[in-house]
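> Handing you this structure, nothing more for now.
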Protein chains: 2
Amino acid sequence: MNQSKGPRYAGIEAGGTKFVCMVAAGPDDVLAQTSFPTTCPKETLGKAIAFFKAHQSFAGLGIATFGPCDLDPQSPTYGRLFTSIKPGWKDADILGTFQKAFDVPMGIDTDVNAAALGEFTWGAGQGLEAVLYLTVGTGIGGGGVVNGRMIHGLMHPEMGHIRVPRISEDGSFAGICPYHGDCLQGLASGPAIKARWGKPADELPPDHPAWQMEASYLALAVNNYICTLSPNRVILGGGVMHQKHLFPLIRAQVKKLFNEYIPWPAILERIDETIVPPGLGDRAGVLGTIALARQTVEAG
Amino acid sequence: MNQSKGPRYAGIEAGGTKFVCMVAAGPDDVLAQTSFPTTCPKETLGKAIAFFKAHQSFAGLGIATFGPCDLDPQSPTYGRLFTSIKPGWKDADILGTFQKAFDVPMGIDTDVNAAALGEFTWGAGQGLEAVLYLTVGTGIGGGGVVNGRMIHGLMHPEMGHIRVPRISEDGSFAGICPYHGDCLQGLASGPAIKARWGKPADELPPDHPAWQMEASYLALAVNNYICTLSPNRVILGGGVMHQKHLFPLIRAQVKKLFNEYIPWPAILERIDETIVPPGLGDRAGVLGTIALARQTVEAG
């Protein structure tokens with residue numbers, strides 16, 4: 001009954017913990033899906049290729065990758081990881097490996113740009129002029145779609161590495177980012193919560209002071225993103241955001257930071273609709289790769 | 001000899017201190033230009049109308065306004081100021097006043113979005129995918145052009161109101177933003193420099209510690225903008241940036257903050273080309289209104 005939904009695409013969400021592969025036309029027409037842990041590049045990319053070989057009938061491939069990855073099509077290292085906190089993945093030729101295996105158009109982008117595209121296409125950001133997607137989990141990363149296109153410019157956003165003011169009760173924690181110490185990721189990622197409080201985030205009860213602090217940091221970040229990119233919608237996903245009680249805390253802090261500076265209804269009256277969880281849930285990233293494959297094929 | 005340069009447009013840069021009006025086809029074909037102090041709306045808008053009446057032959061009008069201004073074409077208060085720190089300008093109907101006087105297509109945007117468009121069209125950001133323009137003067141404001149279009153989304157950027165960490169030597173200064181205290185504008189605008197050091201910025205010698213602090217705050221902001229919007233070029237204009245010795249200080253601090261996180265040549269090797277003064281100098285804003293008028297006419 002789904003035969004009228006158009007061509008099928010292959011998509012791969014290459015994360016530092018696991019890979020998710022999908023063949024689909026969209027969220028309601030998924031032909032096949034699999035996932036497996038990220039080990040070494042040869043084994044992991046090999047498994048993905050084997051999966052797609054078993055489902056050869058797709059018009060294009062979209063790749064969303066952890067990184068940082070070289071996304072400049074003019075660069076000799078296009079589609080390779082610059083570096084990686086994951087052992088063995090520095091310089092891994094993600095795109096080239098798939099190009100050797102399949103003769104279809106391919107697009108590659110960051111995991112979060114793809115998730116933003118997925119949400120723009122089928123989720124909480126449908127049809128909006130500017131959509132921002134932030135994941136808060138093992139790391140913090142953000143991507144965006146402006147006027148239907150993912151943000152590139154210089155290269156791609158690195159939203160987890162903005163600097164925000166310290167919460168006064170948090171003066172003694174150094175932050176855990178290996179490059180920047182107390183950038184946002186260093187202060188508010190899942191591992192930062194664990195390092196600060198001595199327990200993983202999902203073992204801290206909702207009334208633990210960790211959550212008010214987490215909300216304060218994320219609100220400072222969201223305030224900065226809104227002031228800079230002016231997104232119609234800010235979508236917060238990732239493992240830490242499974243703690244749904246964070247959403248009202250973050251919204252209240254963003255309103256407080258904004259302080260009625262401008263009478264924008266999106267902040268003052270409808271902030272529940274402006275700062276939201278992903279409409280596609282944890283499938284935002286992998287469905288974003290399907291949208292990326294489609295966009296790549298349609299762009300010719 | 002300039003007759004072949006195409007249609008002429010009218011542009012008005014409506015600032016809190018002065019208005020600049022221009023009739024031109026581009027930077028090399030300016031038919032007329034004037035400027036006068038911003039007094040009350042009736043007198044100031046009246047002077048602008050009188051100037052343009054004397055040069056009736058233009059195809060469209062671009063307006064760049066101080067604000068914040070309602071830029072939502074669907075809103076009943078489109079083209080009016082929401083509020084203003086300038087007495088008498090709250091609710092001023094900027095766009096409507098010109099619409100009653102002239103029967104040509106009109107576009108209205110923020111002063112800094114227009115400056116970004118001016119730089120994208122004729123200045124330091126020509127043809128780039130993403131261009132960011134920041135003015136540092138009486139206030140701090142930023143605008144951007146992504147894929148040829150000014151940033152709107154929620155409404156427009158308000159880059160001066162991001163929050164950045166305090167410089168350790170600056171713990172006691174409260175900041176002067178009436179809404180946010182120590183947001184970027186509260187810490188690093190011209191009036192903030194004057195409030196902190198007791199002298200206007202242009203009376204402080206280049207070796208005064210004020211400048212290293214100013215560069216540190218602006219570098220934190222530029223780092224955040226780069227991480228969020230990923231612009232190919234960051235253009236820094238406005239009165240405070242007339243202090244050219246700030247540029248090398250800011251570039252050095254941005255590199256330090258980035259800390260070789262990713263081997264992006266635009267940061268590590270060519271930062272002198274990435275963080276730059278306006279190619280159009282102090283004419284970026286008003287020439288941006290000419291570009292805005294042209295874009296409005298061409299969009300039909």
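> Going through B:VAL30, B:VAL20 one at a time, which residue ends up being in contact (Cβ under 8 Å) with a residue 40 or more places away in the chain, under 13 Å from B:VAL286 (Cα atoms) and touching a helix residue (DSSP H, G or I) at 6+ places or on another chain (Cβ under 9 Å)?
The unique qualifying residue is B:VAL20.
> Return only the number of the condition from (1) of a type in the set (D, E, K, R); (2) over 19 Å from A:HIS161 (Cα atoms); (3) outside any loop (DSSP other than H, G, I, E, B) that A:LYS90 does not satisfy.
(3)
> Could we say that B:SER84 is within 12 Å of chain A (Cβ to nearest Cβ), at negative phi, among the hydroxyl-bearing types (Ser, Thr, Tyr) and under 18 Å from the mean Cα position of the chain (by Cα) here? It would help to see each step written out before you state the result.
On the way: within 12 Å of chain A (Cβ to nearest Cβ): yes; at negative phi: yes; among the hydroxyl-bearing types (Ser, Thr, Tyr): yes; under 18 Å from the mean Cα position of the chain (by Cα): yes.
It is true that B:SER84 is within 12 Å of chain A (Cβ to nearest Cβ), at negative phi, among the hydroxyl-bearing types (Ser, Thr, Tyr) and under 18 Å from the mean Cα position of the chain (by Cα).
> If you don't mind, another one. Going by the structure shown, is B:LYS194 without any contact (Cβ under 8 Å) to a residue 40 or more places away in the chain and not in a helix (DSSP H, G or I)? Can you show your working first?
On the way: without any contact (Cβ under 8 Å) to a residue 40 or more places away in the chain: yes; not in a helix (DSSP H, G or I): no.
So B:LYS194 fails the test.
> Would you say B:GLY279 is assigned to a helix (DSSP H, G or I), touching a residue at least 60 places away in the same chain (Cβ under 8 Å) and away from chain A (no Cβ under 14 Å)?
no
> Still on this structure, please answer the following. Return yes or no: is B:GLY139 more than 11 Å from every other protein chain (Cβ to nearest Cβ) and touching a helix residue (DSSP H, G or I) at 6+ places or on another chain (Cβ under 9 Å)?
So B:GLY139 fits the description; yes.
> Follow-up question, since we're still on this one. State all residues of the stretch A:157-215 that are charged (D, E, K, R) and either in contact with a Leu (Cβ under 7 Å, 6 or more places away or on another chain) or more than 14 Å from chain B (Cβ to nearest Cβ) (or both); if no residue qualifies, say none.
Passing the criteria: A:ARG163, A:GLU169, A:LYS194, A:ARG196, A:LYS199, A:ASP202, A:GLU203, A:ASP207, A:GLU214.
> Can you tell me which residue among A:ARG283, A:ARG270, A:ARG233 is surrounded by fewer than 21 Cβ atoms within 10 Å (Cβ to Cβ), at pLDDT 95 or above and closer than 20 Å to A:PHE120 by Cα?
A:ARG270
> When you scan the stretch B:145-170, how many residues do you find that are over 23 Å from B:ALA24 (Cβ atoms) and touching a strand residue (DSSP E or B) at 6+ places or on another chain (Cβ under 8 Å)?
Residues of the stretch B:145-170 that are over 23 Å from B:ALA24 (Cβ atoms), as a first pass: B:146-147, B:151-170.
Of the ones still in play, those that are also touching a strand residue (DSSP E or B) at 6+ places or on another chain (Cβ under 8 Å) are B:146-147, B:151-154, B:156-161.
Selection size over the stretch B:145-170: 12.
> Among the numbered conditions (1) out of contact with any Leu (no Cβ under 8 Å at 6 or more places or on another chain); (2) more than 14 Å from every other protein chain (Cβ to nearest Cβ); (3) in contact (Cβ under 8 Å) with a residue 40 or more places away in the chain; (4) surrounded by fewer than 20 Cβ atoms within 10 Å (Cβ to Cβ), tell me where B:THR39 comes up short.
Only one criterion in (1) out of contact with any Leu (no Cβ under 8 Å at 6 or more places or on another chain); (2) more than 14 Å from every other protein chain (Cβ to nearest Cβ); (3) in contact (Cβ under 8 Å) with a residue 40 or more places away in the chain; (4) surrounded by fewer than 20 Cβ atoms within 10 Å (Cβ to Cβ) is unmet by B:THR39, namely (3).
> Could you list, in sequence order, the residues of the stretch B:286-300 that are modelled with pLDDT of 95 or more and surrounded by fewer than 19 Cβ atoms within 10 Å (Cβ to Cβ)?
B:GLU298
> Based on what the data block shows, is B:ILE108 over 24 Å from B:LEU218 (Cβ atoms) and buried (at least 24 other Cβ atoms within 10 Å of the Cβ)?
Judged against the criteria, B:ILE108 is a match.
> Name every residue in the stretch A:257-267 that is in contact with a helix residue (DSSP H, G or I) (Cβ under 8 Å, 6 or more places away or on another chain) and surrounded by fewer than 17 Cβ atoms within 10 Å (Cβ to Cβ), in order of residue number.
Within the stretch A:257-267, just A:GLU260 meets the criteria.
The values are calculated or read from the model by the stated rules, or taken from the named source; none is laboratory data. The structure displayed is predicted, hence computed values, not measured ones. Positions of Cβ are backbone-derived with ideal geometry, glycine not excepted, and every protein chain shown enters the neighbour counts.
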